[in-house]
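A.B. asks: Shown below is the structure under consideration.
Derivation of every value follows stated rules applied to the coordinates shown; laboratory data play no part. Computed from a prediction, not measured in an experiment: that's the story for all the values here. Because the Cβ atoms are built from the backbone with ideal geometry, glycine has one as well, and the counts that use them run over all protein chains shown.
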DNA sequence: TTTGATGCAAAGACTTTGCATGCTT
DNA sequence: AAGCATGCAAAGTCTTTGCATCAAA
């Protein structure tokens, strides 16, 4: 993503445009590996403070720029995801791996859920839905049975 | 749930039947409030160690007896859920509240998802699904607390 | 008897925060 | 110039672990 567009993304959400924020967002958007804070920090290799990575991701989350996946890392740390389109995750709690379900398969599932049902839930609970998350937990197997 | 049935639940999963485990499981099964470890610990009021609450819930999770909802508490702590039927949660990250979507509405959503689609995902990723989670994030807009 | 469960405190991991400084607006 | 962003280290919170003791199988 070019800087111009990226900066517009920031300003449109009331975030200041800084070099570090561009760096972090780009790093996150460039992968589907759902890095943890520490993985991002390692990757950026001393170019910024660990606290900045935390704070920046927090800002991104609050403004809806990225999604946080709590407790998915190896020791219960959070993973982050810059993909904003609705998509599913396959999570293996044993290994701490989180993998995106391919778009086509994710979309097929999301499309099954009628808007009316979600609206019914909103009404019933007095809740405004920001995001629908469909995550699978289970285990990755080498041999593909089934 | 009577002790006999509860003990069978434990033994069938390879867990020893102890007084503390019965207490914790009952406390969790008796509420839909998705308590945190600390909330359970407070409620049990000195009748057992905090570490035991952690360890016990960990055992329950590993054997599929309860579900962990990471990062849902006020300071990022985990919440726990003894309901094993597929059901949805409405999560408000600002307040840390997690509310069950009523069974009927949850079920309607889950029933929209064809088994074949989940199986296709399993095959595609080499993943064995244990649990499908559909959680809504957003905000509670009324003072309602279902 | 053997193995797992519990209690306690200490250690560990992740995350947030206070404050001084620098940079964006 | 004002206000947010950053760096650093310290503090905070949640969770796990080591080890001795106790209970279930």
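A.B. asks: Would you confirm whether any residue within the stretch A:124-143 is outside any loop (DSSP other than H, G, I, E, B), more than 7 Å from every other protein chain (Cβ to nearest Cβ) and surrounded by 19 or more Cβ atoms within 10 Å (Cβ to Cβ)?
C.D. replies: Taking every residue of the stretch A:124-143 in turn, none turns out to be outside any loop (DSSP other than H, G, I, E, B), more than 7 Å from every other protein chain (Cβ to nearest Cβ) and surrounded by 19 or more Cβ atoms within 10 Å (Cβ to Cβ).
A.B. asks: Does residue B:49 satisfy being within 16 Å of DNA strand C (Cβ to nearest atom) and over 15 Å from the mean Cα position of the chain (by Cα)?
C.D. replies: yes
A.B. asks: Here's something else I'd like to know. Tell me which residues, restricted to the stretch A:28-37, are surrounded by fewer than 20 Cβ atoms within 10 Å (Cβ to Cβ) and in contact (Cβ under 8 Å) with a residue 60 or more places away in the chain.
C.D. replies: A:32
A.B. asks: Also: Return a yes/no flag: does the stretch B:89-102 have any residue that is without any contact (Cβ under 8 Å) to a residue 60 or more places away in the chain and within 11 Å of DNA strand D (Cβ to nearest atom).
C.D. replies: yes
A.B. asks: Checking residue A:65 against (1) more than 14 Å from every other protein chain (Cβ to nearest Cβ); (2) within 13 Å of DNA strand C (Cβ to nearest atom); (3) buried (at least 19 other Cβ atoms within 10 Å of the Cβ), only one condition comes out false. Which one?
C.D. replies: Condition not satisfied by residue A:65: (2).
A.B. asks: If you take just the helices (runs of 4 or more DSSP H) that sit entirely in the stretch A:2-72, which of them hold at least 3 residues that are within 20 Å of residue B:93 (Cβ to Cβ)?
C.D. replies: Ranges flagged: A:50-62.
A.B. asks: Moving on. With facing chain A (nearest Cβ under 7 Å) and under 13 Å from the mean Cα position of the chain (by Cα) as the only criterion, which of B:120, B:78, B:82, B:108 stands out?
C.D. replies: Result: B:78 is the single residue among B:120, B:78, B:82, B:108 that is facing chain A (nearest Cβ under 7 Å) and under 13 Å from the mean Cα position of the chain (by Cα).
A.B. asks: Of (1) surrounded by 14 or more Cβ atoms within 10 Å (Cβ to Cβ); (2) more than 12 Å from DNA strand D (Cβ to nearest atom), residue A:8 satisfies all except one. Which?
C.D. replies: Just one mismatch for residue A:8, condition (1).
A.B. asks: Shifting gears a bit: Which residue out of A:65, A:50, A:40, A:57 is in contact (Cβ under 8 Å) with a residue 40 or more places away in the chain, more than 22 Å from residue A:101 (Cβ to Cβ) and within 13 Å of DNA strand D (Cβ to nearest atom)?
C.D. replies: None of the others qualify; the one that does is A:40.
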